[in-house]
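Enquirer: Sharing a structure below in structure tokens format, with a few things to ask.
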Amino acid sequence: MRPRSILLLGAGFTIWASAFVALYAMLSVGCRFGWHEVALEGAGGLSLQRLQLVAIFLVHLAAGVALVALLRRWKDRGFLYPLAYVAAIAALSASVFSFGAVFFLSTCA
Amino acid sequence: MAGCLVLSACSGPLSVLEPESASARNATTLWWVMAYAGTGIFMATASVLVLAVVRPSWLRAFGEARLILWGGLVIPLVLLAGLVAAAFALGERGIAAAREPAALRIEAVARQWIWQFRYPGGHVTTNLLHLPAGRDVDIVLTSEDVIHSFWVPRLAGKLDAIPGHTNILRLHADRAGKYGGVCTEYCGIGHAPMRFDVEVHEEEAFRRILASEAATAGEGGE
Amino acid sequence: MSARPTRQTPLRLHRELAALWDTPAGWRRLSAVNHTVLGKRFILAAFFFFAVGGLLAMLIRVQLATSSTAFVGPEAYGQIFTMHGTVMMFLFAIPMFEGFAIYLLPKLLGARDLAFPRLTAYGFWCYIFGASILLLAMVAGVAPDSGWFMYTPLSSSTYSPGINADVWLLGITFVEISALSAAIEITVSVLKVRAPGMSLARMPIMAWYLLVTALMMLFGFPPLILGSILLELERAADLPFFDPLRGGDSLLWQHLFWLFGHPEVYIIFLPAAGAISMMIPTFARHELIGYRAIIVALIAMAFLSFGLWVHHMFTVGIPHLALAFFSAASGLVAIPTAVQIFAWIATLAAGRPRFDVPMLYLGGFFFIFVIGGLTGVMLAMVPFNWQAHDTHFVVAHLHYVLVGGFVFPMMAAAYYWLPHFTGRRAEHRLSKPAFWAIFLGFNLTFFHMHLTGLRGMPRRVDTYPVEARLDWLNLLSSVGSFVMIIGFALFVIDLVVQMRFGQRFRRNPWAARTLEWAMPTPPTSYAFASLPHITERGDRLAPDAEGARLAGGHGYLGFTRNGWMETLGVDMTSGRPDQLIVLPRQSFLPLWSGLLTAAFVLCLLAKLYWLSLFAFAAIVVSLLAWTGGTGARQDTGALPIGKGASARPHWETATPPSWWAMVLACAAEATLFSSLLFGGLFLWLVAPAWPPPQPAMPDPLLAAACLVLMLLAALLGRDAVRALTRGGPPALRLALCAGAHGGAALLFALMAASVPVPTTHAHNATALVLFALCGLRAGFGALLAGYGLWRERAGYLSPVRSLDLRIGRIWHDYAAATGIVGIGAAFVFAWLASSAGAAP
Ligand code: HEM
Ligand SMILES: [Cu+2]
Ligand SMILES: [Cu+2]
């Protein structure tokens, strides 16, 4: 089934927005509850905070990739699909650019 | 820096362009890098615009779609990635430097429209902050009424004093001297005059002053 | 119903259409609902407020000319800069773009008017009355004085006991009603009210820009409206949302404000960028290059601009990683901007550019805006931001962006479209000196203000220390601003001269290729004597030939019937005509509703809360009165629309504009509601003085009963539609639906009343507002069900005329869904507030 809606244009960036909200919210929650001081033995001493943030990031990344793969099938059809496809790629790149820092930066300082 | 044509144009007791600490210097360096890069980017973009009018054939030969791709996407993205990475690294460096709490903590309490500084041992000064040179100091910022913001441009970036919150700003002045400080968050009719002086002393002198200040603490500084 | 309409001569057609569409003369002008008339009024009023804001700017510059100018005291200075910012953002920039959009949009889309002409008028009155309140307060010396972003606690009653802050909160919220109605109006019009054949792929680029802008407004304004309501509740009823001693937090206000405030900047810039995208192709004599790239850029910008509000809060003390998210997004938003700029350059390169005055002003735009964009990226870098934030560096940056990105393009647009308004060509005697005075004056004012800021001059100060040696820089700025003002004066004189003495022309003076020139200029009230069929992208048309054909009635709807004001609605994506939209006639009702809304606001300002309830009821009644005379009492069926095609009137179709408007209204309300939920969580997480002494745990029985009633209301609402379309009578179901809603509202009121002392803690206050909001929604649901019942009794409903009930159904569903979320949230909040949910 091919969805035919103008909303497709915003699909990619909706995933980006969801990642943004989830990351920012869970970052604050984690800092409040001191998850950055909980080192996980099983995960090579990674903090619980870093782990959950990276997980959120990766889940959204996977969703973004899936969307791109899905839209790719119709990327030569009509007007909406190619646009939605390019927008999804842009959103995926934007996700990497704006949230890539979850791997490196201090979470609660 | 060569960016200041007339040298005095950059100086002043509140000037960001005359930093006196490592963290302020980092910000200033970042500024000059961005200023030069920005000038370059501006010139380049303007040249492309001029080319579009006087030598459109050159741009057409390059291809319009490619022009948008390179000018609008690839080049800015590369520049931006570099800049963001540098800014992140600078930020992390500041955090790493301040990981352990400093030995000296000074409480800065903001109130409409004065700054009160409380030193260990109970000394209090008003609108005048004494600091030792060459040492880390944590300024513990709180407010008793509205939001104020603590800024000593030559020593560090600003940080807000927010009622109900405590913010800690790490200062490390390179050498003795007098610097200016201001409130930068609008806090009512006394906002503009809500300034303070910062005197950085050698360790010895700093101790002496605190000792003598203790006697006058009740009078509240100036 | 009339017989098949016959084709007439152009002149007779004009007379017939004009008789229907023209706004009456004399005092009956106030009944205008026409987009051309209202667009002009919006633009004129916004221009007036630009002058007011400019005057205030001059006062600022006089005060700052030297470090010892004792021109005004700090109290007056606080009012002056606050009003300058407020007037420029809320009373100039937004309404100016609204006016521009209202005037132009139907003409670009090939429609005779916007989807909701009376809403346009109501929005206009809300703007005028709200702005008047602010202006009067200023004249009376009690203007808001806490800065245009009104940070608490400075703006709370302890530190701003006067009426000043109330004027801002209530007046600006009033004006925002107008912005929200424009947002709904523009979105629906772009999506539905276009010429046949204008598929999405063929929309003129400006329509894309306005669509994106309007959607951003729809989601951007509710957080501020909620914030304003909460702050006003704190000031008026002592509910401590922002009081750190009672579990509130001033940072909540900052989040809500900037969640609106940053998108606002793009809301201002995008329509101007749209205008640029219209003008450049005309002067390049080449169609826009990168049409699709620009659309993607717009989408990216719309989303990204909601992800960088915290860059206004980098100094409040936030973890580095969080700063990094916002910093990266802030930098990233430069990319879609760059894409647009290079698309414009590419268009120029592809064409054979021709120079005229609008291009000169666009050159000014380019120079100034690019600098503003670059300093914006600098400010997004956290270490530098900590130094430059809240200094005159930021003042310089924001004016480079706003003046470069809005004022210069709008001046170009004024020269470009004024011939369309007046039917006269420009003389261009003063336009060039005016440009140079404004351009040079602007840079002389603001360029070295970057340096002033870096040398330590905070913003919002009425004096600065002599030792900082900022005097000569400031003096230069003040001189520059007077050069700029002279330029603006020349600009105004030039426009007036052009309006009075410009040469008349027949059609399309710039040889543009867009639809707005395919009509007589100045435009007739009905815009198109008949509607075109679009077979090309919107900037590849031939308006001259098309205009003549349309005036001759050779398009769709080249006739009148039943005294109806008609235009066409299309399928959103394909542009196939799918309905005949019958627009409402001229009416005084919007004025009345506006006056009543003003009365309501004034009651609140005067703290006459009991009286305000009556005013509120009167507003509701007046809005209900709008529906009188819409729809029909018998089935119409498909009607001929010309060119051998036919369509049903909109009330007999599945998704007419009003249906979409309800969907969008729900989306806006959902944003407001989410902001409230965000506020509740945020306070729990961040605010000092938690947990509350007495958590507000709802009574489970009441909550369960309420839940059942909400679900029942939604089911009955759905069943009513089902009954109606099957030919059965929906009356009983509607009555029960109204009853269920009413019951739910009552239970919500009970739950609100049982919140323990809401003034003691922000948690309790939040619970109160949560229940109140859910209750209001249920109350509105009861009203809608009752309205459906009344329409049924009055004979407006039939199996094909089910629109009124289907609009109601959207709301019933929405109220139930959000009511359930609300009840759930109340329990979650109570749990978090009890010791079990408390953080260590
Ligand atoms: C006509 C030329 C203008 C001049 C000379 C001017 C001058 C100024 C100055 C000097 C300030 C800083 C006041 C202070 O911090 O003490 C200021 C603030 C501001 N201006 Fe303008 N301005 C002009 C036009 C505009 C326009 C067109 C807009 C918006 C569309 C605008 C929006 C603002 C805003 C939002 C502020 C911040 C107000 C606040 O801090 O609360 N200005 N203006
Ligand atoms: Cu202040
Ligand atoms: Cu912003």
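Enquirer: Wholly within region C:373-431, which helices (runs of 4 or more DSSP H) include no fewer than the required count, namely at least 3 residues that are within 14 Å of ligand 1 (Cβ to nearest atom)?
Expert: C:392-402, C:408-422
Enquirer: From (1) outside any loop (DSSP other than H, G, I, E, B); (2) more than 8 Å from chain C (Cβ to nearest Cβ); (3) under 30 Å from residue B:142 (Cα atoms), pick out the condition that doesn't hold for residue B:101.
Expert: (1)
Enquirer: Filter region C:278-321 for residues that are away from chain A (no Cβ under 14 Å), touching a Phe, Trp or Tyr at 6+ places or on another chain (Cβ under 7 Å) and either within 16 Å of ligand 2 (Cβ to nearest atom) or over 19 Å from residue C:397 (Cβ atoms) (or both) and give the result.
Expert: C:279, C:280, C:282, C:315
Enquirer: Would you confirm whether any residue within region C:34-49 is part of a loop (DSSP other than H, G, I, E, B), under 30 Å from residue C:647 (Cβ atoms) and modelled with pLDDT of 95 or more?
Expert: yes
Enquirer: Got a number for residues in region C:551-602 being under 17 Å from residue C:645 (Cβ atoms) and assigned to a strand (DSSP E or B)?
Expert: Summing the residues that are under 17 Å from residue C:645 (Cβ atoms) and assigned to a strand (DSSP E or B) in region C:551-602 gives 12.
Enquirer: Quick one: is residue C:152 within 14 Å of chain B (Cβ to nearest Cβ), in contact with a Ser or Thr (Cβ under 8 Å, 6 or more places away or on another chain) and at pLDDT below 95?
Expert: Yes: the conditions hold for residue C:152.
Enquirer: Please count how many residues of region C:429-472 are hydrophobic (A, V, I, L, M, F, W, C), modelled with pLDDT under 95 and surrounded by fewer than 19 Cβ atoms within 10 Å (Cβ to Cβ).
Expert: Residues that pass the stated criteria total 2.
Enquirer: Separate question: In this structure, is residue C:745 surrounded by 19 or more Cβ atoms within 10 Å (Cβ to Cβ), farther than 30 Å from residue C:798 by Cα, more than 14 Å from chain B (Cβ to nearest Cβ) and in contact with a helix residue (DSSP H, G or I) (Cβ under 8 Å, 6 or more places away or on another chain)?
Expert: no
Enquirer: Related question: Mind listing whichever residues of region C:432-458 are within 8 Å of another protein chain (Cβ to nearest Cβ), in contact with a strand residue (DSSP E or B) (Cβ under 8 Å, 6 or more places away or on another chain) and not in a strand (DSSP E or B)?
Expert: Hits for region C:432-458 are C:454, C:456, C:457.
Enquirer: Cβ-Cβ distance below 7 Å, separation of 6 or more or different chains: which pairs start in region B:141-153 with a residue that is facing chain C (nearest Cβ under 10 Å) and end on one that is hydroxyl-bearing (Ser, Thr, Tyr) and near ligand 2 (Cβ under 10 Å from one of its atoms)?
Expert: Listed pairs, sorted by first residue: B:149/B:184; B:151/B:184.
Enquirer: Output the residue which, of all residues in region C:252-265 that are within 14 Å of another protein chain (Cβ to nearest Cβ) and without any contact (Cβ under 8 Å) to a residue 60 or more places away in the chain, is nearest to ligand 2 (Cβ to nearest atom).
Expert: C:262
Enquirer: Quick check on this structure: which one of B:32, B:115 is under 21 Å from the mean Cα position of the chain (by Cα), more than 10 Å from every other protein chain (Cβ to nearest Cβ), at pLDDT 95 or above and in a helix (DSSP H, G or I)?
Expert: Testing whether each residue is under 21 Å from the mean Cα position of the chain (by Cα), more than 10 Å from every other protein chain (Cβ to nearest Cβ), at pLDDT 95 or above and in a helix (DSSP H, G or I) leaves just B:32.
Enquirer: A further question follows. May I ask you to say which residue of C:830, C:816, C:794, C:826 is touching a helix residue (DSSP H, G or I) at 6+ places or on another chain (Cβ under 8 Å), aliphatic (A, V, I, L, M) and surrounded by fewer than 21 Cβ atoms within 10 Å (Cβ to Cβ)?
Expert: The conditions single out C:830.
Enquirer: Would you tally the residues in region C:635-652 being in a strand (DSSP E or B) and within 13 Å of residue C:579 (Cβ to Cβ)?
Expert: So the count comes out to 6.
Enquirer: Same structure, new question: Scan region B:81-112 for residues that are within 16 Å of ligand 2 (Cβ to nearest atom) and within 19 Å of the chain's Cα centre (by Cα) and jot them down.
Expert: The answer is B:108, B:110.
Enquirer: Looking at region B:118-135, which of its residues are touching a strand residue (DSSP E or B) at 6+ places or on another chain (Cβ under 6 Å) and assigned to a loop (DSSP other than H, G, I, E, B)?
Expert: Across region B:118-135, the qualifying residues are B:119, B:127, B:133.
Enquirer: Name the pairs whose Cβ atoms lie under 6 Å apart, with the first residue in region C:342-371 and at the interface with chain B (Cβ under 9 Å from one of its Cβ atoms) and farther than 15 Å from residue C:278 by Cα, the second surrounded by fewer than 24 Cβ atoms within 10 Å (Cβ to Cβ) and among the polar types (S, T, N, Q), and 6 or more positions between them or separate chains?
Expert: So the pair list comes out as C:370/B:45.
Enquirer: What is the number of the single condition among (1) in contact with a helix residue (DSSP H, G or I) (Cβ under 7 Å, 6 or more places away or on another chain); (2) of a type in the set (A, V, I, L, M); (3) not in a loop (DSSP other than H, G, I, E, B) that residue C:697 does not meet?
Expert: Unmet condition: (3).
Enquirer: Run down A:59, A:29, A:86, A:38 and say which single residue is free of Cβ contacts under 8 Å to residues at least 12 places away in the same chain, β-branched (Val, Ile, Thr) and touching a strand residue (DSSP E or B) at 6+ places or on another chain (Cβ under 9 Å).
Expert: Criteria check complete, one pass: A:38.
Enquirer: Out of B:51, B:79, report the one residue that is closer than 21 Å to residue C:352 by Cα and surrounded by 13 or more Cβ atoms within 10 Å (Cβ to Cβ).
Expert: B:51
Enquirer: If I filter region B:186-209 for residues that are modelled with pLDDT under 95, in a loop (DSSP other than H, G, I, E, B), more than 16 Å from ligand 1 (Cβ to nearest atom) and buried (at least 19 other Cβ atoms within 10 Å of the Cβ), do I get at least one hit?
Expert: no
Enquirer: I'd like to know if region C:17-28 contains one or more residues that are basic (Lys, Arg) and either within 16 Å of ligand 3 (Cβ to nearest atom) or buried (at least 19 other Cβ atoms within 10 Å of the Cβ) (or both).
Expert: No, the conditions are met nowhere in region C:17-28.
Enquirer: Taking residue C:76, is it within 16 Å of ligand 3 (Cβ to nearest atom) and either in a helix (DSSP H, G or I) or under 30 Å from residue C:536 (Cα atoms) (or both)?
Expert: no
Enquirer: In region B:71-98, what residues are closer than 30 Å to residue C:289 by Cα and at the interface with chain C (Cβ under 8 Å from one of its Cβ atoms)?
Expert: If the condition is that a residue be closer than 30 Å to residue C:289 by Cα and at the interface with chain C (Cβ under 8 Å from one of its Cβ atoms), then B:71, B:72, B:73, B:76, B:77, B:80, B:83 are the ones that fit.
The values are calculated or read from the model by the stated rules, or taken from the named source; none is laboratory data. What you see is a predicted model; the values in this text were computed from it and never measured. Quick reminder, even Gly has a Cβ in these numbers, built from the backbone with ideal geometry, and neighbours come from all protein chains shown.
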